[in-house]
1. Roughly to the nearest percent, how much of the accessible area of segment 259-309 is carbon and sulfur, given a 1.4 Å probe?
2. Of all DSSP beta bridges in the chain, what percent run antiparallel (nearest 5)?
3. For segment 156-197, what's the radius of gyration and Dmax over Cα atoms, in angstrom?
4. Can you check how the C-alpha radius of gyration of segment 310-382 compares to 2.2 N^0.38 Å, as a plain ratio?
5. Once amide H atoms are placed 1.01 Å from N in the peptide plane, what residues at a sequence separation of 5 or more from Val235, or on another chain, have their amide H within under 5 Å of its amide H?
6. What is the dipole size for the chain, taken about its Cα centre, with +1 at each Lys and Arg Cβ and -1 at each Asp and Glu Cβ, in debye to the nearest 20?
7. Going out from 0 in 5 Å bins, what whole percent of all Cα-Cα distances in segment 241-367 drops into each bin?
8. Would you mind checking segment 248-292 for residues with the amide N under 11 Å from a putative spin-label position 7 Å along Cα→C-beta of Asn23?
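The values are calculated or read from the model by the stated rules, or taken from the named source; none is laboratory data. All values reported here derive from a predicted model rather than from experimental measurement. Positions of Cβ are generated from backbone atoms using ideal geometry, with glycine treated the same way; all protein chains shown enter the neighbour counts. Just so you know, the surface numbers come from the protein's heavy atoms only, side chains and all, with ligands and any DNA or RNA stripped out. Shrake-Rupley method; radii C 1.70, N 1.55, O 1.52, S 1.80 Å.
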Amino acid sequence: MKKLAILGSTGSIGTQTLEVVRNNGDIQVTALAAGSNVDAIEAQIREFKPSIAVMWDEAKARELAVRVADMEVRVLAGMEGLIEASTAEDVDIVVTAVVGMIGIRPTIAAIKAGKDIALANKETLVTAGHLIMPLAKKVGVKILPVDSEHSAIFQALNGENQREIAKILLTASGGPFRGWTREQMKDIRPEDALKHPNWAMGRKITIDSSTMVNKGLEVMEARWLFGVEMDQVQVVVQPQSVIHSMVEFVDGAVMAQLGTPDMKLPIQYALYYPERRYLPGKRLDFWSIGQITFEAPDMENFRGLKLAYDAGTVGGTLPTVYNAANEWAVGSFLNKQIGYLDIIDIIESSMAHHQVIADPDVEAILEAERETYAFIESRWCK
Ligand code: NDP
Ligand code: MG
């Protein structure tokens, strides 16, 4: 039986992963980790009976330990806990579904311990892809994409030679503000941006989708996953979210993966790759879809996408600055401390201020994150 650790088990990807496990009945969940949601993780522990459970928050971990004292589970806390969950002997695959760069250390530790990675946590690859991909290759573990676009690309590459890729065509819905000008966007509130037209996701990625920073992060994620250059990844807006992404090969052939918007498909594909399993749910009905439309992304009004290309092209610590500034700004926007357009201004000024370090190690990446926060706090928190 395959043994699974889920980092971020109480979130959108985490709970859908557990749904896939529940539906199939032949995967054993051996470790669960979350931030602070004791109620949700307690219910998961009672249902899935892992041997390790982790709460990032130490006080919450103590509370959880008391609550599950009747169960055979070790309750751990903090980064040590996350690393222990992802490297435990009875784990084969680690689903990385935490939000943000916090995923870097546990992901690297899991790879070093020989675990396959089902990767949802794109921020980790954006900031440390140059370390993670060669390490995974050296150790001989698989990095299986969970992000729907990257899963689509991965599926389109089945049986193909990665060296024959001409272009990755990364599709985007364009989000709830597609077609808007910056002027129209200036009064957007968190509650407006939290409504995505096609996908139900966690709060941070929903905001990222509305600014198109999510697509920017995904361009960098694709570049590392599929070993291509930044200018080989082209964003194609496809508002119906029917085509999940495409690959153009050197002979001009284009392969695509299509489906209804359901994250359980990429999650299940990553867990059982290369096998396909039955997945209940709606199927595409092309007679009622009628048409699928395409357009170019608007990089003038959605500068976050343009800045991602700049960050990825320069490389080094600049993608970390892009990502860290965005993490900080999205958190502050959700707390109503800054305006919507400030998100992109904060990313842009942080990038302009940063002295890039080429080929950073983990410590240099985390230092660039700290420096970015310090710069933003000195500039924006007066
Ligand atoms: P959610 O906000 O829904 O869930 C985040 C999860 O991470 C929760 O379980 C949360 O625990 C946990 N968590 C947060 N901080 C920590 C921490 N410091 N230590 C341990 N656990 C922590 O996020 P999503 O599921 O939407 O996204 C997860 C990742 O997957 C992101 O990187 C996102 O970009 C990516 N992704 C998500 C998609 C989606 O459809 N949702 C699609 C493609 C990619 P708690 O509940 O206790 O706070
Ligand atoms: Mg995606």
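1. C and S atoms contribute 57 percent here.
2. Around 25 percent antiparallel, to the nearest 5.
3. Taking only Cα atoms of segment 156-197, I get Rg and Dmax of 17.4, 48 Å.
4. 1.05
5. Answer set, sorted by chain and number: Leu170.
6. Dipole magnitude for the chain comes out near 580 debye.
7. 2, 8, 12, 12, 12, 15, 16, 13, 7, 2, 0
8. The answer is 262-269, 277-283.
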